[in-house]
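Shown next, in structure tokens, is the structure this report addresses.
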Amino acid sequence: MTTAMENLPDAVLEHISSYLWVSERSRWLGACRDLWKLKQEVETKDEAVVLHRDKQRKEFNQPIQDSLLVTSVPNKGNSTTTVFPLLIHKNWNHNLKHLDLGSHATDLFWKSVSEHGLFRQLTHVSMVGSHFLTNQGLRWLSQHAHCEETVAGPTSITTIESIDITYCQKTTYEGTFQLRDSFRNSLKILRRQPAWLDGHFHTPFGGENDDNGTNNNRNNSVEIHTYYPDGSFSFTRQGQSRGYVHELEPLNDEETYLRDKLQYVNFEPPPGWPTWTLYSYRPGVCLLRLPEGAQDASSNNNNPQLLQAEPHVRNVLVGQSLRKLRPPVKELYQLMKEQADSIAVGTSVFFNAQRERLDARPANGRGCMISKMKVYPLEQPLPPDNLVTECRTTCEALRVLGHDVIDSGELFLNQALQAEDNEEE
């Protein structure tokens with residue numbers, strides 16, 4: 001993977017150096033002069049810039065013509081430095097298809113791209129873990145759609161097919177609507193979560209588990225929880241069945257243990273609950289990705305022929321508190337790792353407040369539950385339009401009511417449930 005600093009516009013090195021401390025500029029410019037001669041790649045030593053063009057990577061089974069990976073950026077001691085000056089290169093501007101900004105995307109970068117009309121051939125954008133990207137940056141990205149004169153008249157031209165904003169904690173589900181609207185003719189996948197969370201989760205809830213791996217089995221009472229890449233979800237039950245993932249946070253370095261928080265769009269408060277809980281009830285669970293081929297207490301799961309027949313099926317552990325909104329993340333992590341092999345697929349196990357395993361759900365409703373679920377692949381990555389419409393309506397209601405009010409209500413509700421739990425100890 002090599003790329004040369006060739007055909008750079010006049011004064012671009014001076015522009016780049018303006019983002020560095022004076023003590024760093026000499027080293028930066030010297031390295032750039034040497035690399036200009038080598039015409040291999042842009043790379044400064046220590047905390048510098050590495051830009052790669054990788055012609056081998058593939059997305060959607062299409063060969064890449066041009067892709068760029070930004071692995072680090074020069075900075076002045078903060079993380080908001082834009083990488084924009086490094087991309088003013090005529091080859092990248094005209095031919096760039098795939099742009100992976102790593103965790104370095106910022107609002108200012110996309111503002112600059114929009115104002116300069118760059119990267120009109122861009123199809124795939126990844127910004128995983130960019131903590132300084134906000135909904136404003138998504139708004140600038142949405143302006144990548146541009147108008148061109150055609151025989152039929154002015155036409156909106158969009159090329160972007162996939163956008164990945166997983167773990168961009170300052171962006172929200174609400175912020176994705178501007179992307180959906182601008183790229184509705186080209187967008188094939190919008191991602192706010194890692195791919196191993198996509199799919200149909202066959203839960204142990206509701207009755208005798210069915211193992212046929214389809215989402216068309218509506219005759220049995222087993223709940224199937226379907227999650228789409230953008231965080232939209234739909235469950236096969238009447239109430240508390242639709243919505244979106246409000247928050248998602250990795251809790252270990254490998255990003256195999258996560259905590260989420262759900263926003264329902266059809267929650268009905270139980271009798272006696274105040275009306276503000278309509279939107280403040282945001283329960284969460286912990287999820288642990290199990291290694292492929294992991295053993296468990298189910299003899300069927302260890303059948304080599306069955307495993308071969310289900311190459312795209314995976315197992316995930318889901319842990320949750322039985323009464324509180326927020327799961328005990330540290331305790332659950334230890335329990336899930338210890339109990340993973342002993343839990344059969346399609347079953348749940350219960351633990352009391354002292355984390356002792358029980359034979360049945362505790363009568364007092366206190367403790368936690370861990371379930372092992374099979375996850376089957378989605379038929380298509382975009383959620384149904386009616387589900388997105390419901391989520392949009394809820395987001396508009398949240399904006400009118402005020403996010404601070406709803407967040408405060410959530411905190412109060414969680415504390416009330418926790419106090420109720422403590423009173424019974």
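Annotations
- Flag for ALA344 being closer than 15 Å to TYR257 by Cβ and not in a strand (DSSP E or B): no
- Taking the conditions (1) closer than 23 Å to SER234 by Cβ; (2) open to solvent by less than 30 Å² (accessible area, probe 1.4 Å); (3) free of Cβ contacts under 8 Å to residues at least 40 places away in the same chain in turn, GLN380 satisfies each one other than (2).
- Pairs meeting the criteria (first residue in the stretch 228-243 and on the phi < 0 side of the Ramachandran plot and free of Cβ contacts under 8 Å to residues at least 60 places away in the same chain, second residue of a type in the set (Lys, Arg) and surrounded by fewer than 24 Cβ atoms within 10 Å (Cβ to Cβ), beta carbons under 9 Å, at least 6 apart or on different chains) are PHE233/ARG242; PHE235/ARG242; THR236/ARG218.
- Of everything in the stretch 176-207 that is of a type in the set (Phe, Trp, Tyr) and out of contact with any helix residue (DSSP H, G or I) (no Cβ under 9 Å at 6 or more places or on another chain), the residue that is nearest to PHE233 (Cα to Cα) is PHE201.
- Complete set of residues in the stretch 188-220 that are farther than 21 Å from GLU255 by Cα, at pLDDT 70 or above and out of contact with any Ser or Thr (no Cβ under 9 Å at 6 or more places or on another chain): HIS202
- Which listed residue, of ASN352, ASN414, ASN386, is open to solvent by less than 60 Å² (accessible area, probe 1.4 Å) and free of Cβ contacts under 8 Å to residues at least 24 places away in the same chain: ASN352
- Count of residues meeting criterion [open to solvent by 20 Å² or more (accessible area, probe 1.4 Å), modelled with pLDDT of 80 or more and not in a loop (DSSP other than H, G, I, E, B)] in the stretch 273-304: 3
- Filtered by the rule that a residue be of a type in the set (D, E, K, R) and either open to solvent by less than 40 Å² (accessible area, probe 1.4 Å) or under 15 Å from the mean Cα position of the chain (by Cα) (or both), the stretch 255-272 gives GLU255, ARG259, ASP260, LYS261.
- Residues located in the stretch 156-166, provided they are open to solvent by 20 Å² or more (accessible area, probe 1.4 Å) and either closer than 10 Å to LEU138 by Cβ or touching a residue at least 60 places away in the same chain (Cβ under 8 Å) (or both): GLU161
The values are calculated or read from the model by the stated rules, or taken from the named source; none is laboratory data. Keep in mind that this is a model prediction, so the values were computed, not measured. Glycine gets a Cβ as well: all are built from the backbone with ideal geometry, and neighbour counts include every protein chain shown. Accessible surface is based on the protein model in full, side chains and every heavy atom, while ligands, DNA and RNA are left aside. Shrake-Rupley method; radii C 1.70, N 1.55, O 1.52, S 1.80 Å.
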